[in-house]
Amino acid sequence: MKSWKSDALFRRARAVIPGGVNSPVRAFRGVGGVPRFIERGEGSRIFDVDGNSYIDYVNSWGPLLLGHCPAPVMDALREALESGTSFGAPTEREVEFAELVSEVMPSMEMLRLVNSGTEATMSALRLARGFTGRDLIIKFEGCYHGHVDSLLVKAGSGMATLGIADTAGVPRAFAETTIALPFNSIEAVEKAFAAHGDRVAAVIVEPVVGNMGCVPPALGFLQALRKLCSWHGAVLIFDEVMTGFRVALGGAQQRFGIHPDLTTLGKIAGGGLPLAVYGGRRDIMRKIAPSGPVYQAGTLSGNPLAVAAGLAMLRYLMAHPEVYEQLEARACQLTAWTPPGVTINRVGAMFTFFFSPGPVTDWDSAKQCDTARFGRFFHHMLERGVYLAPSQFEAAFLSTAHTEEDIRYAVEAAREFFAV
Ligand code: KE4
């Protein structure tokens, strides 16, 4: 496929934007080559500036559960646009959206709207520390919760892709408040609580990890986190920025039947616009200003356009719960085979082809992958018009716009690679 315009744009971009991209993982550093500059999206496809079209299995890193330009979201945006873009004042739409999120995820008795998943996790952490009066946070290696200073410790996603163990710019004092443990190790969490129990403010976890690639929770792991947090008075934070409204309408907490104390949401919550959420137990959320002493604010928090998109997405999903059976069935078709030397992990409509014999259950096993072979697979698929996440350590996402033909085509293209 020709990529002259993308090549030229990438050269221009690198002169004025670090790495030529506005988020590191987009730079193709994990797979090599030149990122495709995208002109538009439609249904299950994206179209680049050189006129190439791709079946999109990234879907903007998860938000586009209904595919590109879904009518419910586009119509809602057009209507909202007529009334203005931002007021910096409360609107009815925000109240309605908050009520629906709380209905779909009952653990979120109260919630606050922000603009990104990072802002949601940063705020949830500050709130957990303010509520408990404690400093330490437990996270898991390979999990990524946005570029929050104290969480950029052994993180996944772009940091795993770039092989950055810990980022520059975070004071040692911040990093020292974070305990990073192996995902799925109940024993490690028990030991950490035994050693620091009365100093742990919160445990933050991706209940289904997407940011080292898709890694499901081991049987009993989430239940153990729930029990340990309750016992030690620590706040259990489910970072459902990726899993919320994806692995079930009510997220991983519904799928696995766990009641976290706080939840963060993003991506699908905004239907592709900058909208994220943090929320949970009323007694904790009441600590947030102006009702309490923990400060958090935002000029564009609850932005009318973003909330219109999120509301349209949420209303559609609540009115069409059958989409989750459809997504599960389609994802099964895509992943119900075993390419040689590859482990496929899937939960609902998020999945990863790990280039390792596996099993892949945590960061230690994920990082054994043959990333060079994954890079060759990525470009094999890209050349055939299938757009995957440009990193071994990311999840791929299905949308309701993916057709049986899209799935069949992708499986056929993948089989071709492995047949070689
Ligand atoms: P944002 O600040 O990017 O909206 O959300 C951060 C975040 C928080 N929690 C989870 C579980 C997440 O997956 C993310 C962001 N996910 C990555 C994809 N692995 C965003 C893609 C990117 O960084 O460009």
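Data table
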| read-out | value |
| --- | --- |
| Region 10-28 versus region 179-223: alpha-carbon centroid distance in Å | 34 |
| For the chain, calculated [θ]222 nm from helices alone, where every DSSP H run of n ≥ 4 adds -39500 (n - 2.57) | -11000 deg cm²/dmol |
| Region 71-319 shape via C-alpha gyration tensor axes, a/c threshold 1.5 | prolate |
| Summed side-chain charge close to GLU103 - residues other than GLU103 whose Cβ falls under 13 Å, Lys, Arg +1, Asp, Glu -1 | -2 |
| Per residue solvent-accessible surface (Å²) - the chain, probe of 1.4 Å | 41 |
| Pair SER53, GLU39: separation of 7 Å Cα→Cβ label points (nm) | 1.2 |
| Region 222-317 - Debye-derived log10 I(q)/I(0), Cα point model, q = 0.13, 0.14, 0.21 Å⁻¹ | -0.52, -0.60, -1.12 |
| Count of Lys pairs (Cα-Cα under 30 Å; at least 8 positions apart or interchain) in the chain | 20 |
| 22 Å tail of the calculated P(r), region 246-396, as % of Cα pairs | 57 |
| Computed Rg/Rh of region 1-96, alpha carbon atoms with Kirkwood Rh | 1.07 |
| Cα-based radius of gyration of region 7-160 once divided by 2.2 N^0.38 Å, which approximates compact folds | 1.30 |
| Alpha-carbon centroid distance for the pair region 33-110 / region 136-158, whole angstrom | 26 |
| Under 5 Å, built H, 5+ apart or other chain: amide partners of MET110 | GLY280, ARG282 |
| Gap separating the Cα centres of region 387-420 and region 307-382, nearest whole Å | 9 |
| Portion, in percent, of the accessible area of region 237-311 that falls on carbon or sulfur, probe 1.4 Å | 55 |
| √(5λ) per eigenvalue of the Cα gyration tensor, the chain, largest first, Å | 32, 26, 21 |
| Rounded to whole Hz, the Karplus (6.51, -1.76, 1.60) HN-Hα couplings of region 139-155, x for glycine and proline | 10, 10, 4, x, 8, 10, 10, x, 8, 7, 2, 6, 9, 7, 10, 6, 8 |
| Percentage relative contact order, region 71-319, counting C-alpha pairs under 8 Å, at least six apart | 30 |
| Square roots of five times the Cα gyration tensor eigenvalues for region 1-45, Å | 18, 13, 11 |
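The values are calculated or read from the model by the stated rules, or taken from the named source; none is laboratory data. What you see is a predicted model; the values in this text were computed from it and never measured. Cβ atoms come from the backbone with ideal geometry, glycine included; neighbour counts cover every protein chain shown. These area figures cover heavy atoms from the full protein model, side chains too; ligands, DNA and RNA do not enter into them. Shrake-Rupley method; radii C 1.70, N 1.55, O 1.52, S 1.80 Å.
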